[in-house]
Amino acid sequence: MNRLNNFAREKPEHSSMTTVSILGRLRMLEHVEILGNIGKELDGILYNLVDILSDDTRQSEINITSNDGEISKWLEQTFSSKQQRSITATGRFESIKAIIQASSFVNALQRQLRQHTKERLDVIFDLPADINKLNLWSFNIMEYSDPILLTLLLVFDAHDIISRYRIDIDVLKNFGRALTEGYTKFRPAYHNDYHGADVLQTTHCLLIKSSLLNVFAQIEITALLFAAAIHDYEHPGVNNNYLVKTRSDLALIYNDSSVLENHHSSSIFKLLRDKRFNIWSNMTIEEYRTFRSLVISLVLATDMANHASLVERMSTYFFFKETNGTTTVTDSKTLLQTLLHAADISNAAKPWPVYIQSAEKIMEEFFMQGDLEKIHYDDSKSTFDRESTDIAQLQIGFISHIVCPTFDVLSKVLQVDSLENTAKLISPKTTSTFPWQYDLQLNLETWRQISKEGDIQQVWLQRKPLKLNFQYLETYVEKAKNYLKKRSQQEVLLNRLPSV
């Protein structure tokens, strides 16, 4: 027991460590008789090992080509930024391989501590879904009522967050209700409690099927999932550009910098000061300081102006170097931020029935802002005019320039088994374990088919509030499926041709 206490007091090095020394230190814990304390000690070790090597000071832009000049302008202004932010880097690893090897050992020990006989929360509270449903990429949160509480209970329980931090279930339920009230405060069409729950479920889904679950410390996983749940708390249904341009109180408070994201994180931590909602009351002072810092950095990274910089950093850290074939040192915070960003924009990467419901809601929220811009903007026309915006071109631009690059770089760093055993239309030559690859292709190709030969006027059932003609759109989904099937067959034939 003394050896465990001495190890806990030892300050981890800030220099890079080899795999051998990492595993050597961890194996000191193998013979400790009281296993109940191991999980906490291991997390402290791993968190220091997988610390930050981040540079948010780089200026990054995104080049957009679109048939619609207004759409191109919106994409460039919304998803790129020249603002600088300084982040201090500390701990380092020699390589991602060292992290995975060490953390796999950690994970094996932690699994020994799990209480396999504990009663399931979905049974205790008679929840309408269990965690197995939330594990699916095709899960549709819009089919359930009280989405925040449902996902909080199931996801937090699945990751042992409730037991690890001794969260009182009644306090968690109080927090879930307060979180729901914040999300629905301004009645936004899209950025409401369903969006918060959807991002939490999607983050969970990305996390559990990748080797990254073994890489991150418990405090990092907890911060990531909590940030996913609260990242748009009290969203007013308009974007940062609108708040800055109209000189809103929030823009003045936060000096025009990541206005909404600062408000989301600040407001949620104010809520946590009330003991009725403070689910983290049993964290140590050091744990809470680390947790709070991570959550704030993750929520601030959801500012869409950071998109181009974030994707660029992920590409830099994880792509193989052309010169020597090795990867650069990884950055756990950047990876956490990318997971949350991908989950935040993941609707277009979901199966069509899930995606199109979300697309209708986000477009209506855009048009509601456009209606307000016509009233409050004096010097220019609204960004989104519900009478003239080409929905097909908008979706094509968003998917091809924003969603696809994000999931492409994410696919390169995630080692994921199949997120669900669903047959996907892909070439046998290029078997993939990523379900979003086919969904992205299908959703993008559907809008291309509509733009090429469809009647854009028939896409609408009504303009205010926006109602899309799902039945009409479904005919182009089938056309897109046929197109992708033919393309896949052609690829198979080409792959079978003998090389010359």
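We did not get these values from a lab; they are worked out from the coordinates using the rules stated. Treat the numbers as computed from the prediction; the structure is a model and nothing was measured. Every residue, glycine as well, gets a Cβ built from its backbone with ideal geometry; the counts of neighbours run over all protein chains shown.
Of the residues in the stretch 159-176, how many are buried (at least 18 other Cβ atoms within 10 Å of the Cβ) and in a loop (DSSP other than H, G, I, E, B)? Final tally of qualifying residues: 4. Considering the stretch 461-492, the residues that are part of a strand (DSSP E or B) and in contact (Cβ under 8 Å) with a residue 60 or more places away in the chain include one that is surrounded by the most Cβ atoms within 10 Å (Cβ to Cβ), namely Leu466. Hey, does the stretch 378-392 have a residue that's among the aromatic types (Phe, Trp, Tyr) and out of contact with any Gly (no Cβ under 6 Å at 6 or more places or on another chain)? No: zero hits.
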